[in-house]
1. Taking the conditions exactly as written (in a helix (DSSP H, G or I) and crowded, with 23+ Cβ neighbours inside 10 Å), does residue 394 satisfy them or not?
2. Residues 256, 228, 195: which one is of a type in the set (Lys, Arg), over 25 Å from the mean Cα position of the chain (by Cα) and at pLDDT 85 or above?
3. Within the set of pairs 6 or more residues apart or between chains, which connect a residue that is on the phi > 0 side of the Ramachandran plot inside region 368-384 to a residue that is outside any helix (DSSP H, G or I) and of a type in the set (D, E, K, R) with Cβ atoms less than 9 Å apart?
4. Of everything in region 119-170 that's free of Cβ contacts under 8 Å to residues at least 40 places away in the same chain and small (Gly, Ala, Ser), which residue is nearest to residue 372 (Cα to Cα)?
5. Which one of these does residue 25 not meet: (1) farther than 30 Å from residue 194 by Cβ; (2) aromatic (Phe, Trp, Tyr); (3) touching a residue at least 12 places away in the same chain (Cβ under 8 Å)?
6. Which of the residues that make up region 140-173 are at negative phi, of a type outside the set (Val, Ile, Thr), modelled with pLDDT under 90 and out of contact with any helix residue (DSSP H, G or I) (no Cβ under 6 Å at 6 or more places or on another chain)?
7. Identify all residues within region 259-281 that are aliphatic (A, V, I, L, M) and surrounded by fewer than 16 Cβ atoms within 10 Å (Cβ to Cβ); write none if there are none.
8. Would you confirm whether or not region 267-276 contains a residue that is closer than 22 Å to residue 35 by Cβ and touching a helix residue (DSSP H, G or I) at 6+ places or on another chain (Cβ under 9 Å)?
Amino acid sequence: MVLNYIWIAFILIAFAVAVVQLLFFGNAQTFTDIINSTFSQSKTGFEISIGLTGVLTLWMGIMKIGEKGGMIAVFSRLVYPVFKRLFPDIPKNHPASGSIVMNLSANILGLDNAATPAGLQAMRELQELNSDKTRASNAMIMFLVLNASGLTLVPVSVMTIRAQMGAANPADVFIPIMIATFVSTLVGVIAVCLKQKIKFDAVLLGFFGSISLLIAGVVWAFSQMEQKDIQTVSTAVASIILFLIIIAFITAGMRKKINVYDSFIEGAKDGFSVAIRIIPYLIAILVAVGMLRASGALDFAVDGLKYAVAWLGFDTQWVDGMPTALMKPLSGGGARGMMVETMKTFGVDSFAGKLSGILQGATDTTFYLVAVYFGAVSIKNSRYTVPYALLADLAGVIAAVFVCYLFF
């Protein structure tokens, strides 16, 4: 239901802004730009879905091996004390727990290609437990908010883009991103726990305390390295961990004496069907976002915000980085484009350039995730998923601005 209103709102806002452009500025080109964007975004949505087919086929095949080989059950047992509190509706040793762990682990390591298949698999398994197949369950909402908060230990893509654009120290945003994304995740989890009346007992407090210490340790370890070594080491570590997961799944399958190849093919077939099923949902949200962007509505929002901030007497330099923050919940590619544009306009090592990089790494693409993950299992009523995911995004944005001033 929420997505229905948001989708309509995006299109109506785009139309309203285009009318303003025509009547007050004589710019009729805006309508042409909006229509052109519908064609380009439809093509993009289809290409993304088809592009995901190979990755989904591969990783859902791997996940099926892990499930039949017992590795998913092992993951489920390890995290059961925490998961039974955050996801009380998931039965003990259910495959959904393992898929959720795989998804969140891939996100934390910055392995987007591995995160999406595991996330879609998790949604399929959560849907099996869902009593109302058109309405998001509590477990689905918690899972989506965790994803939307965008917790990432190794923001390789942001550092790579900064390096390509000639930043003096491409990895100088690493620690600020770490802080901002952790704040986003923590706020999102706490908010959903309060909404779902999940109590923070010693287990949850110990878990999140341990994660905080782990993040602090990683931050310290990377802070001891030379800037030029951070990207190389982080990329290598992520790749090694991912390959070890594949080896562990295959080894577990061999120990269970299952037909590993046939298990892979069985899971791979599911990956293909999922990729096809998400096409209409993905195109719907991308077209609406494209119309909003082509109308100039985002430019109006940024200019209005800068005027309001200046009127209140506050520093306005952080506003120049806001296009990335405004676009990030809507489109990862769009936000990346906004980040690059900001770096080109103001300089990659400018305050706005660094802030845009921190904002890019602080959260994830809320509306994309909601459209793809819920679309894959035909969920029509997302309940309070979007507002709570956006709350986590807002916390990440505020934290990003704060740490950018603190560090730079």
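The values are calculated or read from the model by the stated rules, or taken from the named source; none is laboratory data. For clarity, every value in this text was computed on a predicted model and none was experimentally measured. Don't worry about glycine lacking a Cβ; one is built from the backbone with ideal geometry, like all the others, and counts go over all protein chains shown.
1. Values: in a helix (DSSP H, G or I): yes; crowded, with 23+ Cβ neighbours inside 10 Å: no.
When the stated conditions are applied, residue 394 does not pass them.
2. 256
3. 378/133; 383/135
4. Result: 122.
5. Against the list (1) farther than 30 Å from residue 194 by Cβ; (2) aromatic (Phe, Trp, Tyr); (3) touching a residue at least 12 places away in the same chain (Cβ under 8 Å), residue 25 comes up short only on (3).
6. Matches in region 140-173: 157, 164, 167, 168, 172.
7. Let us first name the residues in region 259-281 that are aliphatic (A, V, I, L, M), namely 260, 265, 268, 274-276, 278-279.
Across region 259-281, the qualifying residues are 265, 276.
8. Within region 267-276, the first condition is being closer than 22 Å to residue 35 by Cβ, and the residues that meet it are none.
So far as region 267-276 goes, no, none of its residues is closer than 22 Å to residue 35 by Cβ and touching a helix residue (DSSP H, G or I) at 6+ places or on another chain (Cβ under 9 Å).
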